[in-house]
Amino acid sequence: MKAGLEPGMSHTTTEERQTPPSILAMGGGPDTYWIGDIAGTMERTARRWLTAFCEGDEQTVGVRVCVVRTEPLALGRLVTATSTLTKVEGRRYYFDIEAMNEHGDVLARGTHERRLIGQQQFAPR
């Protein structure tokens, strides 16, 4: 892992919300947020950030995501996720994660853990 990643640092990304046809078929509208979608956006933010620090055959895998949705669930077309690195223990990286819509309404908050692996360990044999 490259140097420069320290607890307290944050990374933010914004994704345009596009509701999959399966959610529309279940009665969700184009501005409907499902907790799995929000959690995925928050996890991708941490993964993409850590990937920029990986070297050689290193990669990270998500180990745990714990997300609590706010009530009522605010809607919008954009989701902005922020991952804040809270702790590093060996190959384990811990984050506080949060997602907001374009109006600044918090959609969900939680925690996320990722582990650094060597891709060769998990290559098909």
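Tabulated data for the structure shown
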| read-out | value |
| --- | --- |
| FRET E, pair HIS103, ILE35, Förster distance 22 Å, beta-carbon r, rounded to 0.05 | 0.70 |
| All-pairs Cα distance distribution in the stretch 33-102, expressed in whole percent, bin size 5 Å | 3, 14, 27, 23, 14, 10, 5, 2, 0 |
| Chain lengthening between PHE53 and MET1 when straightened (0.36 nm per residue, less Cα-Cα) | 18.2 nm |
| Net charge of neighbours whose Cβ lies under 15 Å from the Cβ of PHE95, counting Lys and Arg as +1 and Asp and Glu as -1 | +4 |
| Karplus (6.51, -1.76, 1.60) ³J(HN,Hα), θ = phi - 60°, over the stretch 91-103, in Hz, Gly and Pro reported as x | 9, 9, 10, 10, 10, 9, 10, 8, 10, 9, 8, 5, 8 |
| Sparse-neighbour loop sites [trypsin sites (Lys or Arg not before Pro); the stretch 47-107; at most 15 other C-beta within 10 Å; DSSP] | ARG77, ARG91 |
| Packing-based exposure ordering (other Cβ within 10 Å, fewest first) of THR84, THR60, THR12 | THR12, THR84, THR60 |
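Values quoted throughout were computed directly from the atomic coordinates according to the rules given, and no laboratory measurement underlies them. Given the structure is predicted, the values throughout are model-derived calculations rather than measurements. Please note: Cβ atoms are built from the backbone with ideal geometry, for glycine as well, and neighbour counts cover all protein chains shown.
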